[in-house]
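The values are calculated or read from the model by the stated rules, or taken from the named source; none is laboratory data. The shown structure was predicted, so the numbers you read here are calculated from the model rather than taken from an experiment. Counting neighbours? That spans all protein chains shown, and the Cβs are built from the backbone with ideal geometry, glycine included.
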Amino acid sequence: MQLVYGEELTNLISAAMEQRLIHLFLLSGFLYLILCGSCEYILIQEKKTWKEAQDHCRQNYIDLATVQTDEEWSELSKLRAELQFYIWIGLYDDVNSWHWSFQNETFNFFLWDTDQPNNLHGKQYCVNLRSTGYWWDEDCNLTYPFFCQNGEGQPVLVTDPAMSWNDAQNYCREHYTDLFTVRNRDENKQLTTMIKYYTCGWIGLFRDSWKWLNQTSMSPYFPLRWAAGQPDNSFANETCAALDDYGHIADETCKSLHFFLCQIARVKQQVLRLEVKAGDNVNDQAITAALLNKVQQTLREQGMAADVKLAWREQPDGMVFQKMKNGSTGMNEEL
């Protein structure tokens with residue numbers, strides 16, 4: 001993980017303080033960062049549902065296991081190898097995360113057909129409008145006509161060529177505004193009339209797929225290691241993930257009973273010496289909070305994991321900043 005060092009971090013903190021201070025003085029001190037590093041795991045040999053396993057891990061450890069590197073996968077596989085059973089991990093299919101392509105909007109208006117959405121074969125993340133006027137979830141790689149949204153918010157039907165959902169999204173964003181957002185029944189009726197000579201057409205509704213409990217994005221450098229034919233959603237409600245007998249990932253019904261792997265944090269500490277500008281009110285709670293948010297935001301942008309937390313370490317007198325012998329102020333920060 002890349003961190004901010006030396007002059008770069010000094011400038012960052014000075015800028016954060018300058019937003020709230022008028023009278024500034026050059027000060028120096030130490031900044032202590034305690035960061036949660038790579039992960040280790042513990043195998044719990046108690047059969048629980050996925051939710052029960054999650055609750056147990058959160059009460060006693062960190063959470064169900066998440067995996068982001070080959071090193072972590074190797075450590076996880078060693079624990080799993082002790083047992084030839086399915087074992088829960090912290091991966092799930094976010095089947096209720098429907099939102100629109102345009103401005104990532106969410107609405108409570110849906111016109112699903114009977115038994116839809118059903119996530120057939122476990123890979124249906126995009127939505128098309130049928131000529132009947134109802135919606136189906138579909139595999140995003142299938143090619144259909146599609147509805148774009150022009151600058152005035154009106155629908156434009158594109159039939160030639162038919163495209164996958166992602167290609168249709170790119171086309172609409174390049175030539176119009178985006179894929180069409182259906183906000184009410186009147187707009188849905190308008191689209192149904194336009195598509196009446198075709199089976200269906202893509203609209204802008206889609207959902208997130210599989211994600212880790214810590215909300216870490218899927219990395220193209222560490223793809224999910226699915227078993228052959230997985231995920232398949234064979235029982236129509238397989239939205240939780242487990243390691244199978246061979247150590248590959250399989251989708252499972254969340255109410256199944258399995259052993260599970262919990263995640264334990266491994267802590268690392270970083271110490272930095274720096275010079276900053278600060279004023280007499282440097283220990284003001286609003287200033288220390290603003291500074292902490294700025295440091296954390298920058299570290300997030302540079303790759304710090306979402307589950308890392310930062311907090312100020314207070315001195316015995318309750319202050320965050322202390323005067324140094326040369327008149328400067330020291331700072332401490334910890335997990």
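Odds and ends about this structure:
- Thr132 being more than 18 Å from Cys254 (Cβ to Cβ), of a type outside the set (Asp, Glu), surrounded by fewer than 19 Cβ atoms within 10 Å (Cβ to Cβ) and in the same structural domain as His175 (by TED's automatic domain parsing): yes
- Meeting the requirement of 2 or more residues that are modelled with pLDDT under 95 and either polar (S, T, N, Q) or under 29 Å from the mean Cα position of the chain (by Cα) (or both), the strands (runs of 3 or more DSSP E) wholly within segment 136-252 are 210-212.
- Residue tally, condition among the aliphatic types (A, V, I, L, M) and over 19 Å from Arg185 (Cβ atoms), over segment 115-167: 6
- Number of the exception - Pro145 against (1) buried (at least 17 other Cβ atoms within 10 Å of the Cβ); (2) closer than 23 Å to Val95 by Cα: (2)
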